[in-house]
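Reading through the structure tokens given below for one structure.
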Amino acid sequence: MNFRKICVLGLGYIGLPTAATFATHGLNVVGVDINPRIIETLRNGKIHIHEAGLGTVLEAALESGRLTVSTEPEEADAFLIAVPTPFYPDQHGEYNGRQYKLADMRAVTSATEAIVPHLRKGNLVVLESTSPPRTTIDLVAPILERSGLKAGADFFLCYSPERVLPGQILRELIENARVVGGVTPQSAAAGRDLYATFVKAEIIETDATTAEMVKLMENTTRDVNIAIANEFSRLAEKFGVDVWEAISLANRHPRINILSPGPGVGGHCISVDPWFFVEAAPGLTPLIYQARQVNDAQPHFVVEKVRQAVGSLKGKKIATLGLAYKPDVDDLRESPATEVVHLLQGEGAQVRAWEPFKPDADLQGIYMACTLEEAILEADALLLLVKHTEFRALNPEELIAKTKARIAIDTVNGWDADKWRKAGFQFARLGATT
Ligand code: SAJ
């Protein structure tokens, strides 16, 4: 199938790089977002998100005239839906006394509805948003069929999960294998033809529900694996073992790859997607549910670690380093570091947070320092929460002259304990007692 013009609905972390990449590979692309401010920002040649290399690709796409942006979709050969699928913050389901989160599919629903007036025979529609199993068949297809056209017969319909790692999106879009699940084999083939525009790796065709499940299985596996690493860190502290050393030794086994403990699991993918399985089948998911509980509890263990290091938290001045959900990104969504700050404040600590990727973030109730120096000057303790490259490079010998703090607590194995002790800091690390 040949594509000349496509519409990408949702210009966030996935939709925008995807739209720009299609445009730089020769397609005419209309990028659509319901937020007029995003459209205006892009029209002014600016970007509302931080992603390595995105500026260059976007500039090329806009300058070529192949990428235009709008608040409304229009007729096209294909429509891609890349809108957020968060969970409802304050609604829960319950099964056997276990509370679980519920997927908020309103953005997928309204993006799909917006396509209906423009859908024509022979078009392709692809859902990319991470979604509960059967969303393509049970939610998207019936809405699109309000056009009078039949999914699979009159138009092609696919689910194709994005699998790109924030921080490396542009490279992974092209280099990662792509799964395309169609509601019919012909739909999957049409989806493959579309992604072949830029995907250099294998494109694998399957059915839509398998593709949805593949995506959820990937992120759920990572969540469960991080949960076991976090649980190991608690056990190591109990037994006086350094979990980081133990993990590196266990990982010498040819079939073992234990992930890293830390302050918890953040972002809008791994801490969210497992809930889609739990909601869809609460009786079949005790392990997935438990992993979520373990990872969500991790910020409390960090607070306990700080308490062990500094004594009572009341009135203590803590400088927290990093608020992003993971290293070297500016994304603070669902960040466990933010949760740690709130918990410390709840215990009466005075926190100054320093996030070099977003120093001016407006987070309710969190004092954002303008510089590292400002954050640490009056502090009693330094708390490393994110393994940003620039934090790993900090030199404790130089730092000690710039702060009152003589205690350093590392939750991500980012600092060399010997160096910090030699410089004069009392040093503590999550998952270790020495
Ligand atoms: N984390 C740990 N320990 C680890 C690894 C990660 O605590 O050993 C934490 C991170 O600090 C972060 C969270 O987990 O808070 C998630 O980070 P991540 O790098 O594991 O994943 P994401 O959310 O940035 O991206 C994931 C990726 N999925 C997988 O690796 C299976 C990516 O490929 C997906 O495209 C993305 O989710 C998505 O959009 O679904």
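Along the Cα→Cβ direction, 7 angstrom out, place labels at residue 314 and residue 204. What is the inter-label distance in nm?
5.7
With label points built 7 Å along Cα→Cβ from the Cα atoms of residue 358 and residue 40, find their separation and express it in nm.
Going by the 7 Å Cα→Cβ label model, 2.1 nm.
Please figure out what share of the DSSP beta bridges in the chain is antiparallel and state it in percent, rounded to the nearest 5.
Working: 7 of 53 bridges.
For the chain, the DSSP antiparallel bridge percentage is about 15.
Residue by residue through the stretch 92-107, which ³J(HN,Hα) values in whole Hz follow from phi under the Karplus form 6.51 cos²θ - 1.76 cosθ + 1.60 (θ = phi - 60°), with glycine and proline marked x?
Values, residue by residue: 9, x, 9, 9, 6, x, 9, 8, 10, 8, 10, 5, 9, 9, 5, 5 Hz.
For the stretch 106-241, state the semi-axes of the equivalent ellipsoid (square roots of 5 times the eigenvalues of the alpha-carbon gyration tensor), sorted largest first and rounded to whole angstrom.
Listed largest to smallest, the semi-axes of the stretch 106-241 are 35, 17, 12 Å.
For Cα pairs less than 8 Å apart in space and 6+ apart in sequence, what is the mean separation divided by the residue count of the stretch 146-222, i.e. the relative contact order in percent? Intermediate values should be presented prior to the final figure.
On the way: 129 pairs, mean separation 25.0, N = 77.
Rounded, it is 32 percent for the stretch 146-222.
Compactness ratio of the chain: Cα Rg over 2.2 N^0.38 Å, N = residue count?
Working: Rg = 23.5 Å, N = 434, 2.2 N^0.38 = 22.1 Å.
That ratio works out to 1.06.
Please check which bits of the stretch 178-199 a label hung off residue 165 would reach, taking the label as a point 7 Å along Cα-to-C-beta and the cut-off as backbone N under 20 Å.
178-179, 199
Can you tell me the 0 to 90 degree angle between the C-alpha axis of helix 185-195 and the longest principal axis of the chain, rounded to 10?
60
For the stretch 32-108, which GluC sites (Glu not before Pro) are both in a DSSP coil and crowded by at most 15 other Cβ atoms within 10 Å? Each step should come with its number before you reach the end.
Details: sites: 40, 51, 59, 63, 74, 75, 94; in loops: 51, 74, 75.
Qualifying residues, ordered by number: 74, 75.
Tabulate in residue order the Karplus-calculated ³J(HN,Hα) for the stretch 21-27, using 6.51 cos²θ - 1.76 cosθ + 1.60 with θ = phi - 60°, rounded to whole Hz; enter x for Gly and Pro.
Result, ordered by residue: 5, 4, 5, 6, 9, x, 8 Hz.
Enumerate the residues in the stretch 200-223 having an amide nitrogen under 15 Å from the point lying 7 Å beyond the Cα of residue 281 toward its Cβ.
209-218, 220-221, by backbone N distance to the label point.
Which length gain, in nm to one decimal place, applies between residue 91 and residue 70 when the Cα-Cα distance is subtracted from 0.36 nm times their residue separation? It would help to have the intermediate numbers written out before the result.
Working: separation 21, 0.36 × 21 = 7.56 nm, distance 3.25 nm.
My answer for the length gained is 4.3 nm.
Which whole-Hz couplings ³J(HN,Hα) result when phi for each residue of the stretch 260-272 is put into the Karplus expression 6.51 cos²θ - 1.76 cosθ + 1.60, θ = phi - 60°, listed in order with x for Gly and Pro?
9, x, x, x, x, 10, x, x, 9, 10, 5, 7, 10
Taking amide H positions as placed 1.01 Å from N in the peptide plane, with prolines and chain starts having none, which residues 5 or more places from residue 8, or on another chain, fall under 5 Å of its amide H?
Under 5 Å from the amide H of residue 8: 30, 31, 32, 80.
For residue 380, enumerate residues with amide H under 5 Å from its amide H, sequence gap 5+ or separate chain, H modeled in the peptide plane.
317, 318, 319
With a point put 7 Å past each Cα toward its Cβ, work out how far residue 393 is from residue 307 in nm, to one decimal.
About 3.7 nm, to one decimal.
I'd like the trypsin sites (Lys or Arg not before Pro) in the stretch 364-409 restricted to DSSP loop residues with at most 13 other Cβ atoms within 10 Å, sorted by number. Mind dumping the intermediate values first?
Working: sites: 387, 392, 402, 404, 406; in loops: 387, 404, 406.
Those satisfying the criteria are 404.
Any idea what the relative contact order of the chain is, in percent, if you count C-alpha pairs under 8 Å spaced at least 6 apart? Working shown, then result.
On the way: 929 pairs, mean separation 49.4, N = 434.
Once normalised by length, the contact order is 11 percent.
Any idea how far the Cα center of the stretch 59-100 sits from the one of the stretch 154-180, in Å?
Cα centroid to Cα centroid, the span is 14 Å.
In degrees between 0 and 90, to the nearest 10, how far off the longest principal axis of the chain does helix 208-239 point, with axes built from Cα atoms?
The angle comes out at about 10 degrees.
Amide H of residue 429: which non-local residues (sequence gap of 5 or more, or other chain) have their own amide H closer than 5 Å, using H built in the peptide plane?
Excluding prolines and chain starts, which carry no amide H, the hits are 410.
Could you please rank 213, 368, placing first whichever residue has the fewest other Cβ atoms within 10 Å of its Cβ? Don't skip to the end; give the middle numbers.
Values: 213 22, 368 17.
Sorted ascending by nearby Cβ count, the order is 368, 213.
Per the helix-only calculation at 222 nm, which mean residue ellipticity applies to the chain, given -39500 (n - 2.57) for every DSSP H run of n ≥ 4 and division by its residues, nearest 500 deg cm²/dmol? Write out the running numbers ahead of the final one.
Working: 16 runs with 164 residues, N = 434.
It lands at -11000 deg cm²/dmol.
Where a number appears in this text, it was derived from the coordinates with a stated rule and is not lab data. Quick caveat: nothing in here was measured; it's all calculated off a predicted structure. Cβ coordinates were reconstructed from backbone atoms using ideal geometry, including for glycine residues, and neighbour counts include every protein chain displayed.
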